[in-house]
Amino acid sequence: MLDLLRELVEIESPTYSSGVRRVAEVCSRELAALGAQGRFLEDDHLVAELDGNGPPLLLVGHTDTVWPEGTLAVMPFRTDDGRAYGPGTYDMKGCLVLLIEAIRLAAGRTRALRVFLTADEEMGSRTARPHLEREAGGCAAAFVVEPPGPSGNLTTARKGLGRFRLTITGRSAHAGTHREEGVSAIEELAHQVLALHALNDDERGVSVNVGVVRGGTSENVVAAEAQADVDVRVARHEDRERLEAALASLKPHLDGVRLAVSGDWTRPPLEPSPGGDLLLAKAREHGRTLGLELEAESSGGGSDGNIVGAAGVPVLDGLGAQGGGAHAPDEHVLLDSIPLRAQLLSLLLHNPGV
């Protein structure tokens, strides 16, 4: 497992790079050795099938990382004190090793399995979504090998995610001699950032964040245009329309300004479901045999589990390896957690509870 982890980490695979395909090819090789029939879809998404009885169980992971090519030069793969460090060790190459090991441990299972490895999950699964929705069809349940919560708990709910852009058009003028003839898009942007952040509602699980702003051409010019990139997350489907309406109803504070909102939802919310509760109950039962006391957690981050859940398939997420530092320079995976949680997933492949 350690050799496979090193091999995967040392293939740099930022989204939309050639390394994503290479990581998928290594996974396909390992799955083929376990009897899987693999096929590549458009845009380098991998599907692998293992024969068995009944509607298949779906296993979901991704082959891309957030780290740009060249990161290994400053963050090389290394092990220290039971941890493996390097780009993508935790999110999610250690989890891919776990997935493959779980299938190996589940030899003798009777259920059919379908593995879907997404090539652009870190960019919202933009090209994967229709393929994933199709491959999820007819599956009895889905297990997602995203990392678990900090305490090792499983994920049964995730916020839905939207990416929107507010474009503000004002009127330019010389800042020193004709300032009164202009209308500053940047001044309007300041008002709109406050209005957008006022939409946050912790009680309902609504979060709105202006993460990027840009505008203007020079400090001596009244800015004619400005933009804000906005991250919107909701815990409930019913809040999507309300937030869309709020974005559409933003009003200018300054005369002569025009506002335009573009963008869309990249992932629907994953809400708790009766089927997900059954999967969690069985996972807790299996966990106790391994010395694990597992609880349910919700996450503000999205995953491919959101997409599968919206397709009507019961989902249990957070079944990956433990670690920390996702998307950070100290990213690492706890090596002992890979075989242990691979055992947990293998037990679910034998008896998922649905």
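The values are calculated or read from the model by the stated rules, or taken from the named source; none is laboratory data. In this text the structure is predicted, and so the values were computed from the model without any measurement. Please note: Cβ atoms are built from the backbone with ideal geometry, for glycine as well, and neighbour counts cover all protein chains shown. All accessible areas refer to the heavy atoms of the entire protein, side chains included, with ligands and DNA or RNA removed. Shrake-Rupley method; radii C 1.70, N 1.55, O 1.52, S 1.80 Å.
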Per-region count, region 67-86, residues open to solvent by 10 Å² or more (accessible area, probe 1.4 Å), in a loop (DSSP other than H, G, I, E, B) and closer than 13 Å to Glu10 by Cα | 8
Residues in region 226-242 that are crowded, with 17+ Cβ neighbours inside 10 Å and among the acidic types (Asp, Glu): how many?
-> 1
Is there a residue being modelled with pLDDT of 95 or more, among the basic types (Lys, Arg) and in contact with a strand residue (DSSP E or B) (Cβ under 6 Å, 6 or more places away or on another chain) anywhere in region 133-154?
-> no
Can you name the condition, by its number, that Asn220 falls short on among (1) among the polar types (S, T, N, Q); (2) open to solvent by less than 70 Å² (accessible area, probe 1.4 Å); (3) at pLDDT 95 or above?
-> (2)
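For the subset of region 260-281 comprising residues that are over 30 Å from Ile168 (Cβ atoms) and of a type in the set (A, V, I, L, M, F, W, C), which member is most open to solvent (accessible area, probe 1.4 Å)? Steps first, answer last, please.
Step one: list which residues in region 260-281 are over 30 Å from Ile168 (Cβ atoms), which gives 270-281.
In the following step, the residues that additionally are of a type in the set (A, V, I, L, M, F, W, C) were identified as 270, 278-281.
Numbers: Leu270: 11, Leu278: 97, Leu279: 0, Leu280: 24, Ala281: 56 Å².
Here the residue is Leu278.
Is it fair to say Glu30 is among the acidic types (Asp, Glu), open to solvent by 40 Å² or more (accessible area, probe 1.4 Å) and under 21 Å from Ala321 (Cβ atoms)?
Working: among the acidic types (Asp, Glu): yes; open to solvent by 40 Å² or more (accessible area, probe 1.4 Å): yes; under 21 Å from Ala321 (Cβ atoms): yes.
Yes.
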Please enumerate the residues belonging to region 22-46 that are in contact with a helix residue (DSSP H, G or I) (Cβ under 7 Å, 6 or more places away or on another chain), aliphatic (A, V, I, L, M) and part of a loop (DSSP other than H, G, I, E, B).
-> Leu34, Leu41
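Name the single residue that is farthest from Arg236 (Cα to Cα) among those in region 160-189 being part of a loop (DSSP other than H, G, I, E, B) and out of contact with any Ser or Thr (no Cβ under 7 Å at 6 or more places or on another chain). Break it down into steps so the answer makes sense when it comes.
Within region 160-189, the first condition is being part of a loop (DSSP other than H, G, I, E, B), and the residues that meet it are 170, 172-173, 175-178, 182, 184.
From what is left, the residues that are out of contact with any Ser or Thr (no Cβ under 7 Å at 6 or more places or on another chain) are 172-173, 175-178, 184.
Numbers: Ser172: 41, Ala173: 45, Ala175: 46, Gly176: 49, Thr177: 51, His178: 49, Ser184: 37 Å.
This residue is Thr177.
Could you check region 315-338 and list, in sequence order, the residues that are under 23 Å from Lys282 (Cβ atoms) and open to solvent by less than 30 Å² (accessible area, probe 1.4 Å)?
Correct list: Val315, Leu316, Asp317, Gly318, Leu319, Gly320, Ala321, Ser337, Ile338.
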Name the one entry in Tyr90, Tyr85 that is in contact (Cβ under 8 Å) with a residue 60 or more places away in the chain, within 27 Å of Asn306 (Cα to Cα) and of a type in the set (Phe, Trp, Tyr).
-> Tyr90
List every residue pair whose Cβ atoms lie under 7 Å apart, where the two residues are 6 or more positions apart in sequence or sit on different chains, the first residue falls within region 151-178 and is closer than 26 Å to Gly312 by Cα and open to solvent by less than 70 Å² (accessible area, probe 1.4 Å), and the second residue, located anywhere, is β-branched (Val, Ile, Thr) and outside any strand (DSSP E or B).
-> none
Does region 282-301 hold any residues that are open to solvent by less than 30 Å² (accessible area, probe 1.4 Å) and touching an Asp or Glu at 6+ places or on another chain (Cβ under 9 Å), and which are they?
-> Gly287, Gly301
Any idea how many residues of region 175-201 are at pLDDT 95 or above, farther than 16 Å from Val230 by Cα and among the acidic types (Asp, Glu)?
-> 1
Counting just the residues of region 113-136 that are among the charged types (D, E, K, R) and part of a helix (DSSP H, G or I), which one comes out surrounded by the most Cβ atoms within 10 Å (Cβ to Cβ)?
-> Glu121
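With the structure loaded, tell me whether Glu49 is open to solvent by 10 Å² or more (accessible area, probe 1.4 Å), assigned to a loop (DSSP other than H, G, I, E, B), over 18 Å from Pro148 (Cα atoms) and of a type in the set (Asp, Glu) or whether it fails that test. First the steps, then the outcome.
Values: open to solvent by 10 Å² or more (accessible area, probe 1.4 Å): yes; assigned to a loop (DSSP other than H, G, I, E, B): no; over 18 Å from Pro148 (Cα atoms): yes; of a type in the set (Asp, Glu): yes.
The answer is no for Glu49.
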Pairs returned, first residue in region 204-226 that is on the phi < 0 side of the Ramachandran plot, second residue that is assigned to a strand (DSSP E or B) and hydroxyl-bearing (Ser, Thr, Tyr), beta-carbon separation under 6 angstrom, 6 or more apart or interchain, are Glu225/Thr169
For region 243-259, indicate whether the set of residues that are surrounded by 16 or more Cβ atoms within 10 Å (Cβ to Cβ), within 30 Å of Ile186 (Cβ to Cβ) and within 23 Å of the chain's Cα centre (by Cα) is non-empty.
-> yes
So how many residues does region 8-27 have that are over 23 Å from Arg114 (Cβ atoms) and open to solvent by 70 Å² or more (accessible area, probe 1.4 Å)?
-> 3
